[in-house]
Each structure stands twice: as C-alpha cells, then as structure tokens.
Amino acid sequence: APAQAGAPPPQRGAMSARVLGRLALALLLDAAAANVARDGQGDAQIKEHRHLERDSSHMGTSHSVSLRRQLYRSKEAQQFRNKLTAKVVHKTAYYGKVEVGTPRQSFTVVFDTGSGNLMIPSTYCRSHACTMHRSFDRKASTTAEDIEADGSHSRRGAPRDQITVTFGTGEISGVFIRDDVCVGSLCTNVHFVGATDETEDPFSAFNFDGVLGLALGEMAQGPEFSVMGLLAEGKALRQPLFSVFLSDDTVTESSEITFGDIKQEHMASPMFWQDVSRPTGYWQVQIADITIGNRRQHLCEDCQVAVDTGTSQLAGPTDVINELSRRLNVKSDCSNYHDLPMLGFVMGEHTLNLDPSDYVDKGPDGCEVSLMPLDVPPPNGPLFIFGDP
C-alpha cells in the first residue's frame with residue numbers, strides 16, 4: 001500500500017545468502033525510520049546531557065567490527081509429542097568489541113537484533129557470571145552518570161531504579177547508567193544497564209561480557225537507550241543502517257557487523273528487501289509459507305518471523321515445529337542424512353533455503369532436527385525466529 005502523505009517510510013530489512021560450507025545468512029537492517037519521535041522538552045534534556053559534540057555538516061562514516069564465534073552446549077527442556085524431555089543443544093554466539101566511558105573500557109558483546117538495550121556487567125555485581133567477565137567501573141569513568149529509568153539523576157543514598165531482563169533460561173538485573181559508548185570511531189552518549197546480578201545459567205557459559213541491543217525503538221527502554229538510533233540521529237553514519245555477515249568458515253571469511261554501510265564483497269546474490277510487518281520492536285517480517293524440497297507445505301501460510309542475531313537456532317510455534325519435524329523425518333541414527341531435502345522459507349517471490357547441515361544437529365550421539373519450539377505470546381507472537389546459522 002502506498003505510504004500516506006507525511007508518514008515516515010516503513011522500516012525495511014534486506015537479505016542475501018552466501019554459501020560457505022553451509023548456508024550463512026547475511027542480514028542488513030535499515031534504521032532510517034527507526035527513530036522515535038520525542039517532545040521538545042525530552043529532546044532538549046537529552047541534548048543537555050550529551051558529552052559528545054557533533055558537526056551537523058559531517059557526512060558520517062562507517063565502521064566494521066570483526067566478530068568472534070563461540071560454540072557451546074546448553075541443556076534445555078523441550079516438549080515433543082506431549083513429552084517433556086531434557087536435551088543438550090549445540091549453540092553458536094557471535095560477538096565483538098565495544099568501548100564505554102572515559103578513559104575507554106573495553107567489552108565484548110553480542111550485537112543482538114532481538115533486544116534493545118546495552119547491558120554489561122558492572123563492578124556492583126558480585127555473582128560468578130559477572131566476576132568471570134570484564135565489569136564496567138563507573139567510578140573510573142569521568143563521563144559516567146548514575147541515572148534512573150526516566151533519565152533523571154540518581155540521588156546519593158537513595159534507592160536506585162532497577163530492571164530485570166530475561167534472556168532464554170536466565171536473567172540479568174541491573175541499574176541505569178549514562179556514558180559514552182564507542183564502536184570503533186563511532187561514538188554516542190547512551191543510557192545503558194550496568195548489571196548488578198546475572199544468573200549462572202546461561203551467562204557463565206559465555207565468552208562475551210554483555211549484549212548490545214539493535215532491535216527497533218519499541219524494544220529499547222527508551223529512545224536514549226538505542227545505540228543505533230542515536231548514531232543515526234546524530235548523523236554519525238554514512239548511511240542510517242547496519243549490516244551483519246555471519247560465517248562458520250573463519251579461515252575463508254570472517255564474520256563482521258558494519259555500521260553505516262554494506263559490504264558488497266560478502267554477497268553471493270542480490271539482496272532483496274522485505275518490509276517490517278508489525279511495530280513490535282523486532283525486525284519482524286512476513287513469510288508466505290514453508291517449503292520442503294522447494295515444495296510448499298501449506299504449514300505456516302502468512303506467518304511472522306523475527307530476524308534475531310542473539311538466538312542461535314531456528315525457532316517457531318510448538319505445533320508447527322513438531323509437524324515440521326515429523327515431515328522432515330530425520331532418522332536418529334543419521335541413516336537418511338545425505339538424502340534429506342532443503343528446508344525453505346518463502347518471502348515474497350524468494351525462498352531462503354537451508355541445507356540439512358543448517359537444520360540438523362549431527363554429532364556422535366546421532367542426528368536430530370535443531371528446530372527449537374518457542375511459543376511467543378500475543379501481541380508479538382506467534383512467530384518464527386530466524387537465529388544465527
């Protein structure tokens with residue numbers, strides 16, 4: 001449908017596939033319309049506290065961050081055919097470097113399109129999952145300020161506002177801090193969460209320190225929490241977008257996230273665009289159906305899917321995943337592994353196909369479909385999650 005006069009353009013996501021041993025998904029997300037409107041008073045207040053001055057005539061730049069890849073195991077409870085079982089799931093995480101404060105303190109974070117805030121351990125946190133990682137020392141930064149959830153200054157000695165966020169099987173609790181955050185040469189002043197407690201599971205299994213959320217504005221605690229939104233608003237970027245390339249073949253090609261540009265050399269096919277379908281905060285698009293061997297299954301027509309770099313599996317509604325697993329019929333002894341079909345997701349006129357190596361967890365104990373049941377309640381769900389390849 002044509003856009004209404006005066007209405008902001010729809011957010012759009014673009015995708016391209018590149019084969020590197022198995023299918024790796026390259027994802028580009030456009031933040032041109034992701035900024036949240038602010039009233040004059042709120043905007044003035046935010047600018048008043050911003051430490052970093054910007055030249056409005058500056059055309060902006062781009063910066064790429066190399067991503068390291070971690071493989072780890074997680075024991076999860078899963079329901080299949082009305083039976084609750086515990087299984088070991090092989091997962092993948094991609095993470096890179098950011099810097100916070102003055103002088104800069106370095107952290108490794110997952111650049112997560114499925115959440116909206118920057119969350120890193122703070123020195124206030126004494127749980128093992130925090131102390132085994134780098135922690136932000138607020139007192140060591142000359143530009144750090146203690147704030148409350150609404151952005152107001154914290155009062156010395158008064159109780160602090162806290163937030164608790166669920167990540168899969170675990171939780172992070174923390175307080176609010178404002179400071180400069182830099183991705184390479186790209187810097188902005190951001191409200192973020194300094195963790196005061198992290199559960200052992202799953203955070204002690206991670207090599208990285210925290211999470212930098214890159215979801216749309218609805219997912220952030222507020223506009224001033226969105227690193228990408230602030231970089232785009234401040235005209236720090238060459239283009240108001242970021243692109244993610246994930247590879248499982250680090251010898252041939254490294255994974256990276258690029259802010260402000262698209263790396264054409266990572267693309268093996270033209271990129272196609274898909275409008276964000278609902279204002280949930282997810283980079284959420286519509287899929288027309290699921291295919292097996294390029295044949296439509298009429299199993300999930302007009303479904304929704306969220307593209308999530310913070311999830312390491314394909315996930316979807318339990319009933320659909322169970323039926324899909326039945327139709328794929330992956331033998332537990334791997335006897336039909338080499339005969340398995342491609343699994344595809346139809347977007348407009350395009351089908352994104354996965355090879356068996358992408359959707360089957362094959363190991364010494366045998367083979368099983370690595371599709372995770374995940375029931376997201378309304379209004380955000382039900383929907384599929386496109387996780388890391």
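Quick notes on this structure:
- Taking every C-alpha pair closer than 8 Å and separated by at least 6 residues, the mean separation divided by the residue count of the stretch 88-140 gives a relative contact order of 27 percent.
- Distance between the C-alpha centres of the stretch 153-217 and the stretch 223-279: 22 Å, rounded to the whole angstrom.
- Electrostatic bookkeeping for Thr102 treats Lys and Arg as +1 and Asp and Glu as -1; over the other residues with beta carbon under 13 Å from its beta carbon, the sum is -1.
- Model label zone, Thr102; criterion: amide N under 16 Å from point 7 Å along Cα-to-beta-carbon; scope the stretch 190-207: 190-191
- Sequence-separation-based contact order of the stretch 164-239, relative, with Cα cut under 8 Å and 6+ spacing, percent: 27
- Estimated distance in nm for a label pair at Thr61 and Asp249, the labels positioned 7 Å out from Cα along Cα-to-Cβ: 3.3
- Mean separation of Cα contacts under 8 Å (6+ apart) over length of the stretch 115-214, as relative contact order %: 41
- Efficiency of FRET from Cβ geometry, Ser185 and Asn329, R₀ 30 Å, rounded to 0.05: 0.05
- Modelled label positions at Asn207 and Asn294, each set 7 Å beyond Cα in the direction of Cβ, lie 3.8 nm from each other.
- Distance between modelled label sites at Arg155 and Glu349, nm, 7 Å Cα→Cβ extension: 6.3
- A straight Cα-to-Cα reach below 13 Å connects Lys139 with the aspartates and glutamates Asp179, residues fewer than 8 places away in its own chain not being considered.
- Largest to smallest accessible area among His63, His298 [probe 1.4 Å]: His298, His63
- Relative packing of 153-161, 282-290, which averages over residues the other C-beta atoms within 10 Å, highest first: 282-290, 153-161
- The stretch 187-321, Rg to Rh (Cα coordinates; Rh as Kirkwood inverse mean 1/r): 0.98
- In terms of packing, defined here as the mean over residues of other Cβ atoms within 10 angstrom, the peptides 142-148, 182-188, 119-125, 105-111 line up highest first as 119-125, 105-111, 182-188, 142-148.
The values are calculated or read from the model by the stated rules, or taken from the named source; none is laboratory data. Note that the structure is a prediction, hence the values are computed from the model and not measured. Glycine gets a Cβ as well: all are built from the backbone with ideal geometry, and neighbour counts include every protein chain shown. Just so you know, the surface numbers come from the protein's heavy atoms only, side chains and all, with ligands and any DNA or RNA stripped out. Shrake-Rupley method; radii C 1.70, N 1.55, O 1.52, S 1.80 Å.
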